[in-house]
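Written out below as structure tokens is the structure these notes cover.
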Amino acid sequence: MELWYTEKQNDNLALSYRVRETLHVEQTPFQHLAVLDTIPFGRMLVLDGIVQTAVVDEFIYHEMIAHVPLNTHPAPRRVLIIGGGDGGTLREVVKHPGVEKVTQVEIDARVIEVSRQFLPELSCSFDDPKAEVVIGDGIKYVAEHRDTFDVVIIDSTDPVGPAVGLFSREFYTSLYACLREDGLFVAQTESPYFHSDLVARIQNDVGEIFGLARVYWACIPTYPGGMWSFTLGSKKYDPLDAPVERMPAYPTRYYTPAVHRACFAMPRFLEERFK
Ligand code: SAM
């Protein structure tokens with residue numbers, strides 16, 4: 001018998017993965033959580049029926065959400081991750097030798113616990129001496145901290161449920177206050193192909209609040225359409241001017257200095273949408 005998992009994008013589009021085994025299923029207080037062992041992409045974390053990450057291609061998303069902002073800031077010491085319960089972003093952040101402390105605020109403890117059990121390749125840094133894990137709402141945490149972080153990384157679910165507020169103008173205003181005077185942040189901002197209105201709205205809000213907002217992208221096979229966007233808001237440093245040739249030496253599989261520069265280039269149909 002063949003087992004298939006289908007992620008329904010909308011009424012007219014779905015993506016299907018052949019499943020070797022269902023490893024875990026539960027309803028947490030926040031969301032439906034599953035870990036599937038898929039044939040094409042290996043073990044996959046699925047929240048509310050949406051693929052979050054898969055062991056075969058996760059390096060692309062996690063390297064791009066971590067190293068682009070961390071190599072844009074000349075000396076990131078204090079880093080905040082919001083969401084990211086699988087641990088992949090944390091694993092990349094602790095590679096930076098100058099980072100002294102990484103605080104991760106994840107609303108759902110079960111995502112971390114289940115990732116520790118089934119996704120050790122991603123969750124391997126939760127016990128790193130630089131890491132501090134806080135279980136709580138990232139929106140509340142940001143509102144309660146002022147002038148604290150050099151870099152904030154929003155590694156959230158899609159803008160539904162507890163993540164809705166993470167895509168709001170009010171939250172970006174609160175983030176501005178939470179960052180130090182030369183701080184910057186990055187957020188995953190969905191598919192530029194399917195959600196260009198959302199990306200354009202976010203870039204506009206972030207640009208008005210921070211002064212600088214740059215959209216970049218990467219190709220991630222398990223996300224709808226493949227092309228995925230990130231939006232970086234910065235008080236001072238421009239990622240296009242970052243001296244990436246002098247980036248610290250640590251292993252990556254996707255991110256390189258050339259990729260850092262290239263990821264901000266937009267194809268014509270998006271250049272007309274994003275500034
Ligand atoms: N890479 C993924 C993607 O783009 O699909 C996101 C991965 S990570 C698993 C997303 C995490 O954000 C989830 O574990 C979810 O519980 C967490 N999350 C959602 N809203 C949150 C909030 N308001 N505060 C903190 N964490 C939140």
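Using the Cα coordinates of the chain, the gyration tensor eigenvalues translate into equivalent-ellipsoid semi-axes of 27, 21, 19 Å, sorted from longest to shortest. Beyond 26 Å in Cα-Cα separation lie the following of the pairs Lys140/Lys275; Lys101/Lys275; Lys101/Lys235; Lys95/Lys236; Lys101/Lys140: Lys140/Lys275; Lys101/Lys275.
When a/c reaches 1.5 or more, the comparison of a/b and b/c decides; with that in mind, is the stretch 163-275 rounded, prolate or oblate per its Cα gyration tensor? Since a/c reaches 1.5 but b/c is at least a/b, the shape of the stretch 163-275 is classed as oblate. Each of Ile60, Ile135 has some number of other Cβ atoms within 10 Å of its Cβ, and from fewest to most they run Ile135, Ile60.
Relative contact order for the stretch 14-110: what percent, with Cα pairs under 8 Å and sequence separation of 6 or more?
Working: 147 pairs, mean separation 18.0, N = 97.
With pairs under 8 Å counted, the relative contact order is 19 percent.
With Cα atoms as the point set, the radius of gyration and Dmax of the stretch 3-54 evaluate to 10.8, 30 Å. Site pair Lys236 and Thr252 shows an inter-label distance of 2.2 nm when each label is modelled 7 Å from Cα along Cα→Cβ.
Return Leu80, Leu47, Leu212, Leu13 ranked ascending by Cβ neighbour count within 10 Å, so the fewest neighbours appear first.
Values: Leu80 28, Leu47 22, Leu212 16, Leu13 11.
Taking fewest neighbouring Cβ atoms as first place, the list is Leu13, Leu212, Leu47, Leu80.
What the Cβ-Cβ distance of Thr22 and Lys140 gives, at R0 = 41 Å and to the nearest 0.05, is a FRET efficiency of 0.75. Here the chain is treated with +1 on each Lys and Arg Cβ and -1 on each Asp and Glu Cβ, and its dipole about the Cα centre works out to around 580 debye. Annotation for the stretch 103-150 versus the stretch 41-73: alpha-carbon center distance of 15 Å.
With charges only on Cβ, +1 for K and R and -1 for D and E, what is the dipole size of the stretch 3-54 about its Cα centre, in debye, rounded to 20? Value, rounded to 20: 160 debye.
Taking GluC sites (Glu not before Pro) as candidate sites, keep only those in a DSSP loop with at most 14 other Cβ atoms within 10 Å, then name the longest stretch of the chain containing none of them. Intermediate values should be presented prior to the final figure.
On the way: sites that count: Glu2, Glu100, Glu144, Glu272.
Counting at most 14 other Cβ atoms within 10 Å as exposed, the longest clean stretch of the chain is 145-271.
Let a ≥ b ≥ c be the square roots of the eigenvalues of the Cα gyration tensor of the stretch 5-129; is it rounded (a/c under 1.5), or, if not, prolate (a/b larger than b/c) or oblate? Prolate. Residues Arg268, Arg180, Arg261 in ascending order of nearby Cβ atoms (within 10 Å, fewest first): Arg268, Arg261, Arg180.
Add +1 for every Lys or Arg and -1 for every Asp or Glu among the other residues with Cβ under 15 Å from the Cβ of Phe274, and state the total. Each step should come with its number before you reach the end.
On the way: positive: Arg201, Arg214, Arg268, Arg273, Lys275; negative: Glu190, Asp197, Asp205, Glu208, Glu271, Glu272.
Counting the neighbours of Phe274, the net charge comes to -1.
Helix-only arithmetic for the chain: the sum of -39500 (n - 2.57) across DSSP H runs with n ≥ 4, divided by the residue total, places the mean residue ellipticity at 222 nm at -7500 deg cm²/dmol.
Readers should treat all values here as calculations from the given coordinates under stated rules, not as data from a laboratory. Being a predicted model, the structure only gives us computed values, none of them experimental. Positions of Cβ are backbone-derived with ideal geometry, glycine not excepted, and every protein chain shown enters the neighbour counts.
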